[in-house]
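Structure first, commentary second.
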Amino acid sequence: MLRLEGVSKRFHRGHETVVALDDVTFEVGPGEFVGLVGPSGSGKSTLLHLAGGLDQPDSGKVFVGDRELAGMSIGERAKMRRREIGFVFQFFHLIPTLTVAENVELPLTLDGSTDRAAVAEVLERVGLTDRADHLPGELSGGQMQRAAIARALIARPTLILADEPTGNLDSATGADVLDVLTAQVADAGASLVLVTHDANAASRAHRTLHLKDGKLTDVGAPARRTTRAARPRRTAPLKAR
């Protein structure tokens, strides 16, 4: 589902060159949950941005499915992100002037479509049915993160990239958020790459990759999972927090 081959990325700060990623190679299989851990500044977020086509490597190749991202136009990469990749960020990135339902539906809206039934279903899954018409400023931190996850799941992506999704949450709410993400892996056969500093979150992964100074260690072979139908079954809604 995701493959990086010899990927390197450097940034320039004045006269200094910072190596964010150095010859990184690994792959994530369909339906596999991979945890990505490492100290701050080790290149974890940079890796997610490259995996999702938000940035391009200086060298090496990034594939989503059988498509190399460098061979796609900006528009093609944007369309792929809307339809096939779900991003979950630590700081939510909800649009403050849109309701929860409108934020969740945004990927579909940008793609020229609408599906109110799908919005209602995913809001039920994350326990936000009664917050559908609220603005983000009226939500708790846990509710905002669940809204962000619902937005990431609305298009039923085959690849989910999550950057510290529990970093701003208490442990109980963070565990609930992880339940939703892991259910998407188990029920829909989606692949999940989770950047985390949380040992409990990392322990749920099928495999954990360690990143230090831009280099991966302990990569291991991708876990081969049997995928299920593309449409996930409903799971119990999260408790309100």
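Return only the number of the condition from (1) at positive phi; (2) in contact with a strand residue (DSSP E or B) (Cβ under 9 Å, 6 or more places away or on another chain) that residue 14 does not satisfy.
Tallying (1) at positive phi; (2) in contact with a strand residue (DSSP E or B) (Cβ under 9 Å, 6 or more places away or on another chain), residue 14 fails exactly one: (2).
Based on what the data block shows, is residue 101 of a type outside the set (Lys, Arg), modelled with pLDDT of 95 or more, touching a Lys or Arg at 6+ places or on another chain (Cβ under 9 Å) and at negative phi? Walk me through it before giving the result.
Numbers: of a type outside the set (Lys, Arg): yes; modelled with pLDDT of 95 or more: yes; touching a Lys or Arg at 6+ places or on another chain (Cβ under 9 Å): yes; at negative phi: yes.
Yes: the conditions hold for residue 101.
From (1) surrounded by 13 or more Cβ atoms within 10 Å (Cβ to Cβ); (2) part of a strand (DSSP E or B); (3) of a type outside the set (D, E, K, R), pick out the condition that doesn't hold for residue 12.
(1)
Hey, could you check the stretch 37-67 for residues that are among the polar types (S, T, N, Q) and assigned to a loop (DSSP other than H, G, I, E, B) and say which is surrounded by the fewest Cβ atoms within 10 Å (Cβ to Cβ)?
Ranking the candidates gives 40 first.
Go through the stretch 126-178 residue by residue and tally those that are over 29 Å from residue 40 (Cβ atoms), under 17 Å from the mean Cα position of the chain (by Cα) and not hydrophobic (A, V, I, L, M, F, W, C).
From the stretch 126-178, those over 29 Å from residue 40 (Cβ atoms) are 127-135, 138, 154-156, 158; that's our starting set.
Narrowing further to those that are under 17 Å from the mean Cα position of the chain (by Cα): 154-156, 158.
If we keep only those that are not hydrophobic (A, V, I, L, M, F, W, C) as well, we get 156, 158.
Residues that pass the stated criteria total 2.
Regarding the stretch 184-193, can at least one residue be identified that is farther than 26 Å from residue 109 by Cα, crowded, with 20+ Cβ neighbours inside 10 Å and at pLDDT 80 or above?
The first filter runs over the stretch 184-193 and keeps only residues farther than 26 Å from residue 109 by Cα, leaving 186.
Checking which are crowded, with 20+ Cβ neighbours inside 10 Å leaves us with none.
Within the stretch 184-193, none of the residues are farther than 26 Å from residue 109 by Cα, crowded, with 20+ Cβ neighbours inside 10 Å and at pLDDT 80 or above.
Of all residues in the stretch 86-98, how many are at negative phi and either in contact with a Ser or Thr (Cβ under 8 Å, 6 or more places away or on another chain) or among the aromatic types (Phe, Trp, Tyr) (or both)?
At the first step, the residues of the stretch 86-98 found to be at negative phi are 86-91, 94-98.
Imposing the further condition that a residue be either in contact with a Ser or Thr (Cβ under 8 Å, 6 or more places away or on another chain) or among the aromatic types (Phe, Trp, Tyr) (or both) reduces the set to 87, 89, 91.
Number satisfying all stated conditions: 3.
Assuming residue 22 fulfils every condition listed in (1) of a type outside the set (Ser, Thr, Tyr); (2) crowded, with 22+ Cβ neighbours inside 10 Å; (3) in contact with a Ser or Thr (Cβ under 8 Å, 6 or more places away or on another chain); (4) touching a residue at least 60 places away in the same chain (Cβ under 8 Å) apart from one, which condition is it?
Only one criterion is unmet by residue 22, namely (2).
May I ask you to say which residue of 118, 101, 70 is within 15 Å of residue 157 (Cβ to Cβ) and assigned to a helix (DSSP H, G or I)? Don't jump to the end; show me each part of the working.
Details: 101 fails: within 15 Å of residue 157 (Cβ to Cβ); 70 fails: within 15 Å of residue 157 (Cβ to Cβ).
Selected residue: 118, the only one of 118, 101, 70 that is within 15 Å of residue 157 (Cβ to Cβ) and assigned to a helix (DSSP H, G or I).
Working carefully through the options 3, 83, find the one that is surrounded by fewer than 20 Cβ atoms within 10 Å (Cβ to Cβ), assigned to a strand (DSSP E or B) and under 20 Å from the mean Cα position of the chain (by Cα).
Values: 83 fails: assigned to a strand (DSSP E or B).
When all the criteria are applied, what remains is 3.
Going by the conditions given, is residue 152 over 19 Å from residue 175 (Cβ atoms) and either of a type in the set (Lys, Arg) or touching a residue at least 12 places away in the same chain (Cβ under 8 Å) (or both)? Break it down stepwise before answering.
Details: over 19 Å from residue 175 (Cβ atoms): no; either of a type in the set (Lys, Arg) or touching a residue at least 12 places away in the same chain (Cβ under 8 Å) (or both): yes.
So residue 152 fails the test.
In this structure, does residue 123 turn out to be under 20 Å from the mean Cα position of the chain (by Cα), at pLDDT 90 or above and not in a loop (DSSP other than H, G, I, E, B)?
So residue 123 passes the test.
Mind listing whichever residues of the stretch 120-129 are touching a residue at least 24 places away in the same chain (Cβ under 8 Å) and either surrounded by fewer than 18 Cβ atoms within 10 Å (Cβ to Cβ) or over 14 Å from residue 148 (Cβ atoms) (or both)?
Listed by number, the residues that qualify are 121, 124, 129.
Just checking: which of the strands (runs of 3 or more DSSP E) contained wholly in the stretch 182-221 hold 3 or more residues that are under 19 Å from residue 169 (Cβ atoms) and either in contact (Cβ under 8 Å) with a residue 24 or more places away in the chain or of a type outside the set (A, V, I, L, M) (or both)?
Ranges flagged: 191-195.
The values are calculated or read from the model by the stated rules, or taken from the named source; none is laboratory data. All values derive from a computational prediction rather than experimental measurement. Note that we place each Cβ from the backbone using ideal geometry, even for glycine, and neighbour counts take in every protein chain shown.
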